[in-house]
Ligand code: C2E
Ligand code: MG
Ligand code: MG
């Protein structure tokens, strides 16, 4: 049942009525007291006349009193009215009471209160709709505006069209890690203001205080989407040339570098663009497609990373989602298997160890290589579980070989995401203990990227692992644009030259010279150097001649299941090939050397 609103100041509840009643009662009592002595001294007719006059006076003053009390209650009623309007959210209500009595003071206080309320409401609205750092509209505001823009139908009934640019500031997180929040916020603010200037928003006041009016609906707007991301909506722009020129201007805005917190930075952005209505008429989807295109643009090698949304991007996304589901099932159902690829000594061609390489035994697709799922596992956080499965399996295998008197060094690949776990080193040490595996038989392979990423704890993990005897290898060396100063600051034991250098290693030229320098660099740092990816005898011979310590590659063997590796090693041990092979390499008859597997198989 609806609650009835209380009516204040009506009838006997009215202040005016009550004041008048009190006055009349008091006056009547005074009149009665004054009349009693009068009765004994005067005649009845005089007394009646006297009383009539007194009553008339009483009525006249009661009316006067009622009128006067109205002067008091009137402004109170007005103030009550204003308070009610303010309570209903009408902050533009005028406070009309302006007199010098106490009620005037109340009116003035109310005016101050309303204007303060107006100011703080404006501020709250500003905070709710705008980003504190850049002052740009925030994601929530952008969504509202974009919904209006995509749903806008012009006077001719034509549906709205336009484009959404999703902009990600690349490597801003690294600035944050290295120089702290204040610097990265400052940098982001500067970047945002340069992008506003370069974008079609420049000159449109609507961008900062977008009112949502019909005019604003047709104006471009740049907003902060989230951490390192901005979004730009440009109504009316759909032709690819126009879009490309806006993207070019945005990239160019940062080309001169940006100064923040007294430092010079050279930020870059990745841009993804989706259009409405052709990609989708839904604001949420267009934004999502632009973000997807932006993600795809990250993979481009171009300095100005820009990608226009294409439907195949959705297909890739779907297959990634399928892969994520498959990975979860594989973890639960134990579908991962570790393969082993041998490493061979460049001095005497004996097997020095193996690299553990994970495979997914998919029930329908068969054996799936890590190239298809490691990145997805890293993005989805599943790499922790997969890494643990590999660690357990590889360490237990290493311990088993050791117990069987076949000690074999095992290298295990570790992803950057695993290194972010503060307990990573302790976990490895616990697994070694659990399987009673000698730590010096285990090598942890990290990429150059991990080595020079400023993740707190990388150096600590390395230190803790090396302290118990685990070796650290820098994998794929030469691909990560290593900062040598940072690399030399880290302690590691093995350097693996990336296989991209191997293709030209067996002929005179730059590739060979670069490989020679890398091998030399590793040696100078006191490391064992492994050359991986050798497929031909020529590459094997060249790697050995350039002075590396160990060689890994399809020439010797592809990664194998553990039982195949045991058989392969057994065969190789029973039929040593080192002498013939070594003579062939040293004698220069490289190309005539048959593949080791062939020779083994033939023997
Ligand atoms: P990686 O650590 O550099 O491993 C060497 C890769 O090169 C392996 O590919 C191996 O099969 C391949 N390879 C070795 N010799 C040759 C050769 O002569 N020719 C050619 N064409 N390829 C050769 P795979 O097994 O597909 O692994 C790819 C990458 O996946 C690995 O590169 C590693 O970065 C990653 N990975 C593998 N297993 C794991 C794992 O358990 N954890 C993590 N985090 N990453 C792993
Ligand atoms: Mg590796
Ligand atoms: Mg490698």
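A short reminder: the numbers here are calculations on the coordinates, not readings from a lab. Quick caveat, the model's predicted, so the values are computed rather than measured. Here the Cβ is made from the backbone with ideal geometry for all residues, glycine too, and neighbour counts use every protein chain on show.
Numbers for the structure displayed
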{"item": "Potential extension, residue 268-residue 139 segment - 0.36 nm per residue separation minus Cα distance", "result": "44.3 nm"}
{"item": "Over the range 139-309, relative contact order from alpha-carbon pairs under 8 Å, at least 6 apart, %", "result": "31"}
{"item": "Three-way shape call for the range 28-177 based on the alpha-carbon gyration tensor, with the a/c threshold at 1.5", "result": "prolate"}
{"item": "FRET E, pair residue 33, residue 88, Förster distance 45 Å, beta-carbon r, rounded to 0.05", "result": "0.30"}
{"item": "Rounded to 5, percent antiparallel among DSSP beta bridges of the chain", "result": "60"}
{"item": "Approximate spin-label separation residue 45-residue 120, in nm, with each point projected 7 Å along Cα-to-Cβ", "result": "7.5"}
{"item": "Pair residue 106, residue 128: separation of 7 Å Cα→Cβ label points (nm)", "result": "3.1"}
{"item": "Using alpha-carbon coordinates, inclination of helix 510-524 to the longest axis of the chain, degrees", "result": "80"}
{"item": "Ranked packing of 538-546, 91-99, 559-567, most packed first, by mean Cβ within 10 Å", "result": "538-546, 559-567, 91-99"}
{"item": "Calculated FRET efficiency for the pair residue 239/residue 433, C-beta based, R₀ 60 Å, to 0.05", "result": "0.40"}
{"item": "Between the range 288-333 and the range 506-570, the Cα center-to-center distance that results, in Å", "result": "34"}
{"item": "Where a label projected 7 Å from the Cα of residue 365 along Cα→Cβ would reach, residues of the range 317-351 with amide N under 11 Å", "result": "319-327"}
{"item": "Mean projected area (nm²) of the alpha-carbon convex hull when the chain is viewed from all directions", "result": "49.3"}
{"item": "Estimated inter-spin distance, residue 299 and residue 173, nm [label 7 Å along Cα→Cβ]", "result": "1.8"}
{"item": "For the range 58-148: relative contact order, % (alpha-carbon pairs under 8 angstrom, 6 or more apart)", "result": "16"}
{"item": "Globularity ratio of the range 139-309, using Cα Rg and 2.2 N^0.38 Å", "result": "1.01"}
{"item": "Antiparallel %, DSSP beta bridges [both residues in the range 139-309], to 5", "result": "85"}
{"item": "Highest to lowest packing among 169-180, 120-131, scored as the average C-beta count within 10 Å", "result": "169-180, 120-131"}
{"item": "Relative contact order %, the range 302-386, counting alpha carbon pairs below 8 Å whose residues are six or more apart", "result": "24"}
{"item": "Measure of compaction for the range 61-100 (Cα Rg per 2.2 N^0.38 Å)", "result": "1.47"}
{"item": "Mean ellipticity per residue at 222 nm, deg cm²/dmol - from DSSP H runs of n ≥ 4 across the chain, formula -39500 (n - 2.57)", "result": "-16500 deg cm²/dmol"}
{"item": "Angle between the chain longest axis and helix 44-87 axis [Cα atoms, degrees, rounded to 10]", "result": "10"}
{"item": "Principal-axis tilt of helix 102-129 within the chain, Cα atoms, nearest 10 degrees", "result": "20"}
